[in-house]
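This report refers to the structure that appears directly beneath it.
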Protein chains: 2
Amino acid sequence: MTEIDTRLRILDAAESLFTRYGFEATTLRQITGAAEVNLAAVNYHFGSKEELIREVFRRRLTWLNQQRLQELDRLEAEAGGKPLKPSQILEAFFGVALKMAADADGGGRSFMRLLGRTYSKPSEFVRGFLAEEYAAVLARFKSALVRALPGVPGEEILWRFHFMLGAMSYAIAGTDALHIVAEDALDDSDAQALYARLMSFMLGGLRAPLPVLQAGSAKRPRAKAAA
Amino acid sequence: MTEIDTRLRILDAAESLFTRYGFEATTLRQITGAAEVNLAAVNYHFGSKEELIREVFRRRLTWLNQQRLQELDRLEAEAGGKPLKPSQILEAFFGVALKMAADADGGGRSFMRLLGRTYSKPSEFVRGFLAEEYAAVLARFKSALVRALPGVPGEEILWRFHFMLGAMSYAIAGTDALHIVAEDALDDSDAQALYARLMSFMLGGLRAPLPVLQAGSAKRPRAKAAA
DNA sequence: GTATAATTCATACAATCGTTTAAAACATAC
DNA sequence: GTATGTTTTAAACGATTGTATGAATTATAC
């Protein structure tokens, strides 16, 4: 077994187990057991459990965001200066993710579910890394959306982006609190239907009439307590 | 210190710590330390850590869902047989939750963030309990929405409800992956603005044009969706 | 008051955690 | 072949985990 082989086996096993049980509940012995490598291999190849977690994210997230930016680049080049349609922008961002989530073989599905749940529980030390990985991507997509939706202020775009991330996260995680999705079955037609459903929902929300905000709630430098 | 006092102190401390660190990462010693009670008090009053977790949820969730149903009852009684407006239904469901989330004193805020992240990570033994608590509520709200939106099939309603739960969860959890919300500051006007933003987004998504599903992806009888 | 039950307390338990170590096994270069 | 550097291995480390115990304390009933 070559070095790179061992590293990959650990990453794959960790990704899968993290998805199922979370970071803290997953032990190194589970991981090395599933990967069929020695217990000490994790600390030898990654240094620590925390670094392993970071690497599990980095491996897929970097690639995912590259794909997103690349797709956005392509669309904007095609449009030749004209604003894109909102649906195109959303497809560039969420389409890539959902395609990854639907890819059972590549293991991307497991990762996307892990990612979705991690957004809402940034475990201290992944938070900084996550924000860093997303900063550039978010900025690009925000400005594209601002151009595509002249009537919607930038801050509102950000919020709606946030909401859309939540919707996508739940869609992928497929929490069966609602008994809609079988935990581990998501075939091609299911994935396509889910994608279509999510996309129409998001577009509706993105283009919704602006909320009527109270006069007093204009953003001021935060410090105040409840009024 | 009376018995009920100790129980409450433990529940409050656990809720807060679970929110910050998650279930597994929170130790009984942290909880009893924060609650200023003896370590053995948890096992004495709750039997085990798992039962404590369940009780943390039960305490607030039961009340929350009662409020939701009560509010829906009130609206339907007022409407006297006529379908409600979608916005009214959403307000009954999400408004109560967001009001709870904005209530800093009552401690509901901490719980709502905990709940939001738990949806996407049903830790084996909370899953069943969670689904059970939600079954009746979901059924009521689904049928109300179906009546309110004659053009949208029931299955689509369920999916969109799922998406809305995700959006709300992220909104409350306030993951600062997007650097929008300060982790622990959400005053009254912020909460109101968030509520307005989320509501308009959701309504837009709920009333969006139906997705065009591929012909081949017609649902085969999968284990039935929640009745 | 005393007796009985409920609660708190300090302490200990076995189990499991992430990590470390030093030797064994393997690879590569000369 | 030997020598050198890398990877794997089995075993152990101290620390921390959830839980259990029995005595001390407090509350309740008589």
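If you go through the range B:1-46, how many residues are in contact with an Asp or Glu (Cβ under 8 Å, 6 or more places away or on another chain), within 12 Å of DNA strand C (Cβ to nearest atom) and outside any helix (DSSP H, G or I)?
2
Anything in the range B:19-49 that is within 14 Å of chain A (Cβ to nearest Cβ) and of a type in the set (Ser, Thr, Tyr)? List them, or say none.
Taking the range B:19-49 as the starting set, the residues that turn out to be within 14 Å of chain A (Cβ to nearest Cβ) are B:19-27, B:30, B:49.
Passing the criteria: B:THR19, B:TYR21, B:THR26, B:THR27.
Which one of these does B:ARG60 not meet: (1) more than 14 Å from chain A (Cβ to nearest Cβ); (2) buried (at least 18 other Cβ atoms within 10 Å of the Cβ); (3) within 12 Å of DNA strand D (Cβ to nearest atom)?
(3) is the only condition that B:ARG60 fails.
Could you tell me how many of the residues in the range A:16-25 are closer than 13 Å to A:ARG117 by Cβ and buried (at least 18 other Cβ atoms within 10 Å of the Cβ)?
Total satisfying the criteria: 4.
Pick from A:LEU72, A:LEU52, A:LEU84: which is among the aliphatic types (A, V, I, L, M), away from DNA strand D (no atom under 16 Å from the Cβ), in a helix (DSSP H, G or I) and away from every other protein chain (no Cβ under 14 Å)?
Numbers: A:LEU52 fails: away from DNA strand D (no atom under 16 Å from the Cβ); A:LEU84 fails: in a helix (DSSP H, G or I).
The conditions single out A:LEU72.
Tell me whether the range B:102-120 contains one or more residues that are polar (S, T, N, Q), surrounded by fewer than 17 Cβ atoms within 10 Å (Cβ to Cβ), farther than 30 Å from B:GLY151 by Cβ and more than 16 Å from DNA strand C (Cβ to nearest atom).
First pass over the range B:102-120, keeping only residues polar (S, T, N, Q): B:110, B:118, B:120.
Checking which are surrounded by fewer than 17 Cβ atoms within 10 Å (Cβ to Cβ) leaves us with none.
Scanning the range B:102-120, I find no residue that is polar (S, T, N, Q), surrounded by fewer than 17 Cβ atoms within 10 Å (Cβ to Cβ), farther than 30 Å from B:GLY151 by Cβ and more than 16 Å from DNA strand C (Cβ to nearest atom), so the answer is no.
Exactly one condition in (1) under 16 Å from B:VAL126 (Cβ atoms); (2) out of contact with any Gly (no Cβ under 8 Å at 6 or more places or on another chain) is not met by B:GLU15; state its number.
Just one mismatch for B:GLU15, condition (2).
Give me the residue from the range B:164-175 that is under 17 Å from A:GLU155 (Cβ atoms) and at the interface with another protein chain (Cβ under 7 Å from one of its Cβ atoms) and, out of that set, modelled with the lowest pLDDT.
So the first thing to find is which residues in the range B:164-175 are under 17 Å from A:GLU155 (Cβ atoms), and the list is B:167, B:170-171, B:174-175.
Add one more test, that the residue is at the interface with another protein chain (Cβ under 7 Å from one of its Cβ atoms), and what stays is B:167, B:170-171, B:175.
Details: B:ALA167: 93, B:TYR170: 85, B:ALA171: 85, B:THR175: 49.
Only one residue fits best here, namely B:THR175.
Could you check A:ALA41 against (1) modelled with pLDDT of 95 or more; (2) surrounded by fewer than 17 Cβ atoms within 10 Å (Cβ to Cβ); (3) not β-branched (Val, Ile, Thr) and say which number it fails?
(2)
Going residue by residue through the range A:109-121, is there one that turns out to be closer than 30 Å to B:ILE172 by Cα, within 14 Å of chain B (Cβ to nearest Cβ), more than 16 Å from DNA strand D (Cβ to nearest atom) and without any contact (Cβ under 8 Å) to a residue 12 or more places away in the chain?
Scanning the range A:109-121, I find at least one residue that is closer than 30 Å to B:ILE172 by Cα, within 14 Å of chain B (Cβ to nearest Cβ), more than 16 Å from DNA strand D (Cβ to nearest atom) and without any contact (Cβ under 8 Å) to a residue 12 or more places away in the chain, so the answer is yes.
Considering each residue of the range A:50-88, count those that are under 30 Å from A:GLY151 (Cα atoms) and in contact with a Phe, Trp or Tyr (Cβ under 6 Å, 6 or more places away or on another chain), and give that number.
So the first thing to find is which residues in the range A:50-88 are under 30 Å from A:GLY151 (Cα atoms), and the list is A:64-88.
Among the residues that remain, those that are also in contact with a Phe, Trp or Tyr (Cβ under 6 Å, 6 or more places away or on another chain) are: A:68.
Adding up the residues that qualify gives 1.
Which of the following residues is surrounded by 15 or more Cβ atoms within 10 Å (Cβ to Cβ), closer than 30 Å to B:ALA167 by Cα and in contact with a His (Cβ under 9 Å, 6 or more places away or on another chain): B:LEU52, B:LEU11, B:LEU75?
Numbers: B:LEU11 fails: in contact with a His (Cβ under 9 Å, 6 or more places away or on another chain); B:LEU75 fails: in contact with a His (Cβ under 9 Å, 6 or more places away or on another chain).
Every option except B:LEU52 fails the conditions.
Going through B:VAL37, B:VAL42 one at a time, which residue ends up being more than 9 Å from DNA strand D (Cβ to nearest atom) and either outside the structural domain of B:ARG160 (by TED's automatic domain parsing) or basic (Lys, Arg) (or both)?
Numbers: B:VAL42 fails: more than 9 Å from DNA strand D (Cβ to nearest atom).
After applying the criteria, what remains is B:VAL37.
Can B:GLN66 be described as polar (S, T, N, Q), on the phi < 0 side of the Ramachandran plot and either in contact with a Ser or Thr (Cβ under 7 Å, 6 or more places away or on another chain) or modelled with pLDDT under 95 (or both)?
On the way: polar (S, T, N, Q): yes; on the phi < 0 side of the Ramachandran plot: yes; either in contact with a Ser or Thr (Cβ under 7 Å, 6 or more places away or on another chain) or modelled with pLDDT under 95 (or both): yes.
Judged against the criteria, B:GLN66 is a match.
The values are calculated or read from the model by the stated rules, or taken from the named source; none is laboratory data. Being a predicted model, the structure only gives us computed values, none of them experimental. Every residue, glycine among them, receives a Cβ derived from its backbone with ideal geometry; neighbour counts consider all protein chains shown.
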